[in-house]
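Working notes, beginning with the structure itself.
The values are calculated or read from the model by the stated rules, or taken from the named source; none is laboratory data. Bear in mind that the values here come from a model prediction, so they are computed numbers and not experimental data. Ideal geometry is used to build each Cβ from the backbone, glycine not excepted, and the neighbour counts take in all protein chains shown.
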Amino acid sequence: MALTGALCHTLLAATGFTNKHLRVLIAGLLGSDYRPNQMTYDLRRLRLSGLVRRLPRSNRYLLTPDGIRIAIFYTKVYHLLLVPLTAVDQPQAPPDLRAALATITGHVDQYAIRARLPRAA
């Protein structure tokens, strides 16, 4: 989530972004250290997935159109859906929000059972 959030910060960077620039953003969002080798690995995965592209003869990257769409989508889902749903145990959470979380939990559990994923503790 921190990686996509940091990518959203780079949307306005017309000249692209560097490994170091993105790493600083991610570390700030995580509130902890984010090592250069982690950032190199993540940038490689993003590049191979077609979400970023490296500018020729430079150490700068740009988001691709798909990268922009994915970064915005994940950030919106996080802020508009996941954050409110995590407040579901709070007394002020409306009943429809608690019902939505129960529905989502049921679907995720059923998917995990069908996929034979190990149960979370």
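Using the structure shown, decide if Ala112 is surrounded by fewer than 15 Cβ atoms within 10 Å (Cβ to Cβ), in a helix (DSSP H, G or I) and modelled with pLDDT under 80. The answer is no for Ala112. Give region 39-76 a look and list any residue that's more than 14 Å from Gly16 (Cα to Cα), touching a helix residue (DSSP H, G or I) at 6+ places or on another chain (Cβ under 8 Å) and either part of a loop (DSSP other than H, G, I, E, B) or not small (Gly, Ala, Ser) (or both), or say none. Once the filter is applied, which keeps residues that are more than 14 Å from Gly16 (Cα to Cα), touching a helix residue (DSSP H, G or I) at 6+ places or on another chain (Cβ under 8 Å) and either part of a loop (DSSP other than H, G, I, E, B) or not small (Gly, Ala, Ser) (or both), region 39-76 yields Met39, Thr40, Asp42, Leu46, Gly50, Ile70, Ile72, Tyr74, Thr75.
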